[in-house]
Structures are given as C-alpha cells and as structure tokens.
C-alpha cells in the first residue's frame with residue numbers, strides 16, 4: 001500500500017490547544033424534590049461534621065491496636081486455611097445429617113395428628129399431650145395439666161419477687 005494513499009485525520013493544532021479547554025459543563029437541576037432532598041442532605045452533613053471531628057480524635061489510639069491485631073489476623077487466616085479440610089468434611093456430614101433430620105421430621109409430622117386423635121378421649125378438660133416417650137419398649141405420651149403448670153409459674157414468680 002502506497003503511503004500517499006493513506007489518509008489520516010488531520011486536526012488543527014489550534015483546536016487542541018489548552019486555551020480552548022473550558023473544563024466541565026454544568027446543567028442546572030430545578031426539580032423541587034431533588035432540591036429539597038439536597039438541602040436535607042446538606043443539613044445531615046452539617047449535623048455529622050462534629051461527630052467526624054470527634055472520631056478523628058478517637059482514631060489514633062485505635063491505630064496501635066490495629067497494628068497489634070495485624071499479625072493475629074494473619075495467624076487466624078493461616079489457621080482457618082489449615083482447618084479448612086476438616087471443616088469442609090464436618091460441614092458435609094452436617095448436610096447429610098440435615099437430610100436425615102428432615103426425613104425424621106416428616107415422620108414425626110405424620111405421627112403427631114394420629115397420636116392426638118388416639119389420646120383425645122383420655123385427656124381431662126385442662127390437660128394437654130406434650131411429647132411421646134418410650135419407656136421399657138412401650139410408647140407413652142407425656143401429659144400436663146395446664147392449670148397446674150400455670151399455678152406453678154405464678155408461685156415461682158411470687159417466690160422470686
């Protein structure tokens with residue numbers, strides 16, 4: 001390709017001179033909401049200024065502690081990296097256990113209404129079935145008397161007062 005055929009854009013050096021740069025351009029905002037919010041923001045900044053000055057006075061003593069904490073944080077990061085394989089293995093077992101627990105919870109959710117129906121006729125007016133217990137290979141439902149429990153709570157609160 002012949003250099004004489006190569007056309008490049010030629011910009012007059014006078015146009016690019018620094019005297020022609022005026023900086024940024026401003027566009028006026030007249031929206032009432034924006035003006036109101038900006039005034040609110042300025043008030044908050046003024047309110048925060050004394051707090052910032054106090055913070056500046058309080059920060060130098062903290063710097064010494066941050067210097068002391070630097071090596072501790074590095075050591076902590078190293079230890080966490082070292083424990084990662086054991087932690088990940090443990091978390092995997094937690095996830096496995098969670099699945100087993102969820103299955104068990106589904107079974108418990110099925111048992112609860114059946115047991116409630118079975119004991120309904122045997123409960124007194126103020127009795128309530130709580131939890132199932134296995135004693136000597138037999139299933140039982142622990143039953144409480146709600147009035148008795150309330151009386152115990154009242155007595156305990158008077159005793160502690």
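What follows draws every value from the coordinates through simple rules; no lab data is involved. These numbers were taken from a predicted model, which means no experiment stands behind them. Note that each Cβ is placed from the backbone with ideal geometry, even for glycine, and that neighbours are counted across all protein chains shown.
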Take the range 82-131 and flag every residue that is surrounded by 10 or more Cβ atoms within 10 Å (Cβ to Cβ) and either in contact (Cβ under 8 Å) with a residue 60 or more places away in the chain or in a loop (DSSP other than H, G, I, E, B) (or both).
123, 124, 126
Residue list for the range 132-155, restricted to those being part of a strand (DSSP E or B) and either touching a residue at least 40 places away in the same chain (Cβ under 8 Å) or surrounded by 10 or more Cβ atoms within 10 Å (Cβ to Cβ) (or both)
132, 133, 139, 140, 141, 142, 143, 144, 145
